[in-house]
Each structure stands twice: as C-alpha cells, then as structure tokens.
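What follows is a single structure, written as structure tokens, with notes after it.
The values are calculated or read from the model by the stated rules, or taken from the named source; none is laboratory data. Predicted model, so just to flag it, every value in this text is computed and none were measured. Counting neighbours? That spans all protein chains shown, and the Cβs are built from the backbone with ideal geometry, glycine included. To get the accessible areas, we keep the full protein, side chains included, count just its heavy atoms, and leave off ligands, DNA and RNA. Shrake-Rupley method; radii C 1.70, N 1.55, O 1.52, S 1.80 Å.
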Amino acid sequence: LDLMREIPDKSVDLVLTDPPYGIGEAAGKNKSRGSLAKPKDYGDLSWDNSRVPEETFKEIMRVSKNQIIFGGNYYVDYLSPSPCWIVWDKDNGKNDFADCELAWTSFKTAVRKFKWRWNGMLQEDMRHKEERIHPTQKPVPLFAWILERYSKPGDLVLDPFHGSGTTAIACLRTGRHFIGIEKHEPYFIKALERIDKEQAQVRLFDALGGVTA
C-alpha cells in the first residue's frame, strides 16, 4: 500500500496479480493433498490466512487502466461484475486440487480459457520445467498468454503481490515493462534471482542474433 500510494493515477497500463485469498494455502494446506511425489514444504507462512483489505483493491483500481486479478472469485464483494473471466485449466487429473483457477478482469470481452498442466512434478512443458519456489506460483506461459492478449508491447504492468516473480518473467518474454512489489523478503530475493537469470538468457539470445540451439 505504501508503494502504490506513490504511483500516479492511471499511470499503469495493466495490473496482473495473484493476491492471497485468505484460505490458508501458504500455511500448510498445500502440503496436505496427494500427488505422485511428496509435496514440497514451502514453510509455514501466515500471509494467506486473511484476505487482502479492500483499500488495496481501491489503490489497484486508482493506479491502473485495466486489471486482471487471480482469485477474483474470493473477492466478488470488492469487484464489479465482469463478462470477461479467465479460466486456467490446470489439467490436474484425479486429486483434490482445484481443476481450474479463475481470474477476474476489467475487460468487456468474452470468457477465455487457457489449459496448462501444473500438477506437482508434472508440468505441461517438461523440457523447460519451472522450479516451484512459492506455494501459489503460476506458470510463466499462463501469464505470457495473458499479456499477449490483454496488453501491448511497451506497456507498464504492475504486480503488487510479486511472489515468485512470474509476472516479471512474463513481461521480459513479451516486451512489457513491469513494477513488482513483494513484502516477504525471502520471496523477493528468489524472484530477483529468477529475473537475473531470465535477463541473462535474453542477453545471450540477442548476442546470438536471435538464434537458439
């Protein structure tokens, strides 16, 4: 909130974020459900034990022209009705994780669905498997797909719940500028490591003239 208050009105083109829902995912719930491998222990953190205050959403709306908010179904009392929800089909198979996740948007277009497997050690693109460093981490291809459809190259994107840095990585891959805010220092440091690695890969790609192996 302190940082968002410093951002001028409507100076951000898009907020793309995944706030805590207040359902306890961070504090052990994610470790209780079965999968092919032993669930990863992300630590018993309390940041997801309560909902984000309404003031945060008011600031998000003030600073940005458009918004895409994952878990919007947990915040319908803060958000206006929308015809355009994004459905992420996680292709989870038979377990007690949710089959899909929902994102509320400020756009007036139709509902859209993106299918991308994200089930423990099983991921859609096993050749480029992402390291999971956050219990509610989203896959980069999901956010890149969103940015390509709901923003333009050069746009400024804000994520006030930066977490593992997925928004930043997706912005780098799609030519968007970004601001990331994260108050939990261990996640902030890990996100910076991911961003530095991505930027190094971009520099190498450019140095090779855009040719990959």
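Just checking, does segment 61-70 include any residue being hydroxyl-bearing (Ser, Thr, Tyr) and open to solvent by 50 Å² or more (accessible area, probe 1.4 Å)?
Just the residues of segment 61-70 that are hydroxyl-bearing (Ser, Thr, Tyr), to begin with: 64.
Cutting the leftovers down to open to solvent by 50 Å² or more (accessible area, probe 1.4 Å) gives us none.
No, that holds for no residue.
Go through segment 73-102 and count every residue that is open to solvent by less than 40 Å² (accessible area, probe 1.4 Å), of a type outside the set (D, E, K, R) and without any contact (Cβ under 8 Å) to a residue 60 or more places away in the chain. Outline the logic, then answer.
Initially, segment 73-102 is screened for residues open to solvent by less than 40 Å² (accessible area, probe 1.4 Å), giving 75, 79, 82, 84, 86-90, 92, 101.
If we keep only those that are of a type outside the set (D, E, K, R) as well, we get 75, 79, 82, 84, 86-88, 92.
Narrowing the set further to residues that are without any contact (Cβ under 8 Å) to a residue 60 or more places away in the chain leaves 75, 79, 82, 84, 87-88, 92.
Residues in segment 73-102 being open to solvent by less than 40 Å² (accessible area, probe 1.4 Å), of a type outside the set (D, E, K, R) and without any contact (Cβ under 8 Å) to a residue 60 or more places away in the chain: 7 in total.
Do any residues in segment 153-168 that are in a loop (DSSP other than H, G, I, E, B) have Cβ atoms under 6 Å from those of residues that are β-branched (Val, Ile, Thr), where the two are at least six apart or on different chains, and which pairs are they?
From residues that are in a loop (DSSP other than H, G, I, E, B), the pairs are Pro160/Thr17; Pro160/Ile181; Phe161/Thr17; His162/Ile181; Ser164/Ile133; Gly165/Ile195.
Looking at Lys190 and the list (1) charged (D, E, K, R); (2) touching a His at 6+ places or on another chain (Cβ under 9 Å); (3) in a loop (DSSP other than H, G, I, E, B), which single condition is not satisfied?
Lys190 satisfies all of (1) charged (D, E, K, R); (2) touching a His at 6+ places or on another chain (Cβ under 9 Å); (3) in a loop (DSSP other than H, G, I, E, B) except (3).
Within segment 114-131, how many residues are within 16 Å of the chain's Cα centre (by Cα) and either at pLDDT 65 or above or in a helix (DSSP H, G or I) (or both)? Break it down stepwise before answering.
Pass one, segment 114-131, residues within 16 Å of the chain's Cα centre (by Cα): 114-118, 130-131.
Imposing the further condition that a residue be either at pLDDT 65 or above or in a helix (DSSP H, G or I) (or both) reduces the set to 114-117, 130-131.
Going through segment 114-131 one residue at a time, the tally reaches 6.
Could you say which residue among Ala98, Ala37, Ala103, Ala26 is modelled with pLDDT under 95, not in a loop (DSSP other than H, G, I, E, B) and not β-branched (Val, Ile, Thr)? I'd like the intermediate steps shown before the answer.
On the way: Ala98 fails: not in a loop (DSSP other than H, G, I, E, B); Ala37 fails: not in a loop (DSSP other than H, G, I, E, B); Ala103 fails: modelled with pLDDT under 95.
Sole residue among the options that is modelled with pLDDT under 95, not in a loop (DSSP other than H, G, I, E, B) and not β-branched (Val, Ile, Thr): Ala26.
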